[in-house]
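**Q** My questions all concern the structure below.
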Amino acid sequence: MKSLFLSLLFICTAGHAQSGPQSKLITPEQLKAIEEQVDRELLSNKLDNKKKLIANLLAGREFYQYRFFDKSKKYYQSAKTIEVRENKSEAYINLMAIALLSKDKKELQTAYAEAVQYFKMNPDYSSESTQYYLQAIEGHLTGKSKEAVKGFYGQFVSEANLIELVKSKQYAEALSKLNPERMGGPDNTNLETIIYDLLNVKLNKTKVLACNEEYKKYPNAYTYSILICGLLNDYVNTSKFNPERLKRAEKYFTEEAPDKSYMLELVKEMK
C-alpha cells in the first residue's frame, strides 16, 4: 500500500491548514488524479479484504481530516461493505460526523440508524465512548440537547486500542490509526510517538524518527520513550543494537515498566 500512503501524504501537504469548509489549495484535476490512484490501489489483487478495510479507513480519515467530506464519505461507505470481521466503528462514527458537519439531518438520521444497528450486531466493538456519542447524536436529532456534537476521530487512536493492536502484532492496522502530524516535536515523546516510530521502522524501514528531538535533549534519561528511541537510533544507523543500551532497557522494562514490555519485544523482532 506504499503508493496509497504517498497519495494521501500529498493530500495532507496540499490541503493542510485550510480553515474553510473544504480545502481550496488543490485543483479539481489534482484531486481527481489522487482519487483515481487511491482507487487503483484498492482494486489491486495484492490487497486482501482486511487490508482493503484498513486502506479505505485510512483514505476516509485523511479526506475527512482535510475537509474533503464527499470523498471521505465515499471511502467510509466502501469500508462498511467489505466482507471482513474487523472493527468498522470508525466508518460508522465518522459518517455521522460528516452528516453533522454538512448540516444534513436526513443523512444524519440514516447514518445514526445504521450505527445503532452495527453496534447492536457487534457489541464487542461498542464502548462507553461510542455509546456516549450515539446518545449525543440522538439528543441532537430529537432536539433534547442543544450542545454541539464534536467529531470523533480522536477516540479511535485511544491508547488501549492501539496497545492491543501492537500486542496482537496487527502492526499495519496499528500504524493506520496514528496521525503523523501529531507525532514528535519538543516535549512530545509520548506513547503514540514511540509506537509510531517503532511501527515505521518495523514496517517501512524509515530512518527518520519522530522521537529524535526529545531524545537528543535527554539521551541518557531512564524512561521508556528515551530508551526505545535510543535503540531505534542504533538500529537505523547500524542495523544492530548497542549491547549496553539493550541491557539497560531490559532492566528498565523488567523492573520499572513491565506493562510496556511489548515495546521492547517489538524492538527485538528487528534483530
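**Q** Looking at Phe69 and the list (1) modelled with pLDDT of 70 or more; (2) closer than 14 Å to Lys177 by Cα; (3) aromatic (Phe, Trp, Tyr), which single condition is not satisfied?
**A** Only one criterion in (1) modelled with pLDDT of 70 or more; (2) closer than 14 Å to Lys177 by Cα; (3) aromatic (Phe, Trp, Tyr) is unmet by Phe69, namely (2).
**Q** So Glu192 fits all but one of (1) surrounded by 15 or more Cβ atoms within 10 Å (Cβ to Cβ); (2) among the acidic types (Asp, Glu); (3) more than 25 Å from Glu86 (Cα to Cα); what number is the exception?
**A** (3)
**Q** Sticking with this one: Of the numbered conditions (1) farther than 20 Å from Lys268 by Cα; (2) loosely packed, with under 14 Cβ neighbours inside 10 Å, Leu178 satisfies every one except a single condition; which is it?
**A** Checking Leu178 against (1) farther than 20 Å from Lys268 by Cα; (2) loosely packed, with under 14 Cβ neighbours inside 10 Å, the one that fails is (2).
**Q** Tell me which residues, restricted to the range 58-80, are open to solvent by 40 Å² or more (accessible area, probe 1.4 Å) and outside any helix (DSSP H, G or I).
**A** Arg67
**Q** Out of the helices (runs of 4 or more DSSP H) lying entirely within the range 190-271, which hold 1 or more residues that are among the β-branched types (Val, Ile, Thr)? Give the steps one after another, and end with the answer.
**A** Values: elements: 191-204, 212-217, 224-238, 243-255, 261-268.
Because the criterion is at least 1 residues that are among the β-branched types (Val, Ile, Thr), the helices (runs of 4 or more DSSP H) in the range 190-271 that meet it are 191-204, 224-238, 243-255, 261-268.
**Q** Sticking with this structure for a sec: Against the condition open to solvent by 10 Å² or more (accessible area, probe 1.4 Å) and either farther than 26 Å from Asn122 by Cα or polar (S, T, N, Q) (or both), how does Lys46 come out, does it pass?
**A** On the way: open to solvent by 10 Å² or more (accessible area, probe 1.4 Å): yes; either farther than 26 Å from Asn122 by Cα or polar (S, T, N, Q) (or both): yes.
Yes, satisfied.
**Q** So which residues in the range 220-236 are touching a residue at least 24 places away in the same chain (Cβ under 8 Å) and open to solvent by 60 Å² or more (accessible area, probe 1.4 Å)?
**A** Of everything in the range 220-236, just one residue is touching a residue at least 24 places away in the same chain (Cβ under 8 Å) and open to solvent by 60 Å² or more (accessible area, probe 1.4 Å), namely Tyr222.
**Q** Provide a single number: the residues in the range 160-175 that are modelled with pLDDT of 70 or more and open to solvent by 40 Å² or more (accessible area, probe 1.4 Å).
**A** Let us first name the residues in the range 160-175 that are modelled with pLDDT of 70 or more, namely 161-175.
Restricting the remaining residues to those that are open to solvent by 40 Å² or more (accessible area, probe 1.4 Å) gives 161, 164, 167-170, 172.
The total comes to 7.
**Q** I'd like the full set of residues that are over 21 Å from Ala55 (Cβ atoms), modelled with pLDDT under 90, surrounded by 14 or more Cβ atoms within 10 Å (Cβ to Cβ) and of a type in the set (Phe, Trp, Tyr), limited to the range 81-140.
**A** Answer for the range 81-140, where residues must be over 21 Å from Ala55 (Cβ atoms), modelled with pLDDT under 90, surrounded by 14 or more Cβ atoms within 10 Å (Cβ to Cβ) and of a type in the set (Phe, Trp, Tyr): just Tyr133.
**Q** Scanning for something part of a helix (DSSP H, G or I) and farther than 20 Å from Asn161 by Cα, does the range 82-91 turn up at least one residue? Full working, then the answer.
**A** The initial filter retains those residues of the range 82-91 that are part of a helix (DSSP H, G or I), namely 89-91.
Going one step further and asking which of them are farther than 20 Å from Asn161 by Cα, we end up with none.
Within the range 82-91, none of the residues are part of a helix (DSSP H, G or I) and farther than 20 Å from Asn161 by Cα.
The values are calculated or read from the model by the stated rules, or taken from the named source; none is laboratory data. Since we're looking at a predicted model, the values are computed, not measured. All Cβ positions, even for glycine, are placed from backbone atoms using ideal geometry, and neighbour counts span all protein chains on display. Please note that ligands, DNA and RNA were not included when accessible areas were found on the heavy atoms of the full protein model with its side chains. Shrake-Rupley method; radii C 1.70, N 1.55, O 1.52, S 1.80 Å.
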